[in-house]
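What follows draws every value from the coordinates through simple rules; no lab data is involved. If you're wondering where the values come from, they're calculated on a predicted model, not measured in any experiment. Neighbour counts are summed over all protein chains in view; Cβ atoms, including those assigned to glycine, are modelled from backbone coordinates with ideal geometry.
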């Protein structure tokens, strides 16, 4: 069976797992949801705990259709796509005494593929910690006879009280960008934390260097504020960074995105290869800027999915990306 291998953000995408919207249950309200728009915050408050199809059937049907259209585009471009399986009733009950909700749109976060390492991560939000089960069932046959080093990182102990999260470790795939043997890991207080990033460095060992990047509150993950379509070109929201920009970006062409557009996921596109990018059709400015830099850009509407804090990068996780480290 074909080997698992992912080394760069811009390696040619050959195989991936994509999420599903069919089982979405609106999470119970948390003050953590400052990273979504005020309209979505109000929708969560009014419908928390309900199935999306019961709260707003039109939104549900459009969400499923947008994800299906995304999968069809990937498959038409030669990408092998696996879909996360909807959670069983027992799986949905996991940690439900802490927080209700089912979110399976964003397979980027519960798993992290670096080289041939397939890591089940440690999610911060209680309702998202169960997502691993649908991904695990979708991939177990694919991985069992492969070269994959398939592991699960230590899971955070459930803690009640203010915040309710404890020390972690927390690590979410949306916070991690791959640039060969340099790994960039963001933390804003919403997803990953330093304990999770330090665990990743220890696990990967001296072959890799993991670089922590501090982000401002209100930005969920690093991939919400930074995208790497190819070496020398990045899409970025500079205002999201607590410190100076990562040094590897020195001399690169930067496509700047406003905080408002970043909140609507303008930076969260999908790299198909060094010349090709998938961008939500709502972000025409980013698409045009990429074309000016010589990129081929595919656009699809994705506004119903991005309501929940992620777009095309969040909706997939690569299993094979071809690169010069293969």
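For the chain, what class follows from the C-alpha gyration tensor (a ≥ b ≥ c being the square roots of its eigenvalues): rounded when a/c is under 1.5, otherwise prolate if a/b is larger than b/c, else oblate?
rounded
What is the order of 127, 93, 273, fewest Cβ neighbours within 10 Å to most? Write out the running numbers ahead of the final one.
Values: 127 22, 93 12, 273 18.
Arranged by neighbour count, lowest to highest, 127, 93, 273 become 93, 273, 127.
As a footprinting exposure proxy, order 95, 139 by other Cβ within 10 Å, with the fewest listed first.
95, 139
Okay, helix-only estimate at 222 nm for the chain: each DSSP H run of n ≥ 4 adds -39500 (n - 2.57), divide by all residues, round to 500 deg cm²/dmol; what do you get? Kindly include the intermediate steps, with their values, before the conclusion.
On the way: 9 runs with 81 residues, N = 326.
The helix-only estimate for the chain comes to -7000 deg cm²/dmol at 222 nm.
For the residues 123, 153, what sequence is obtained by ranking on other C-beta atoms within 10 Å, fewest first? It would help to have the intermediate numbers written out before the result.
On the way: 123 24, 153 18.
Ranking 123, 153 by Cβ neighbours within 10 Å, fewest first, gives 153, 123.
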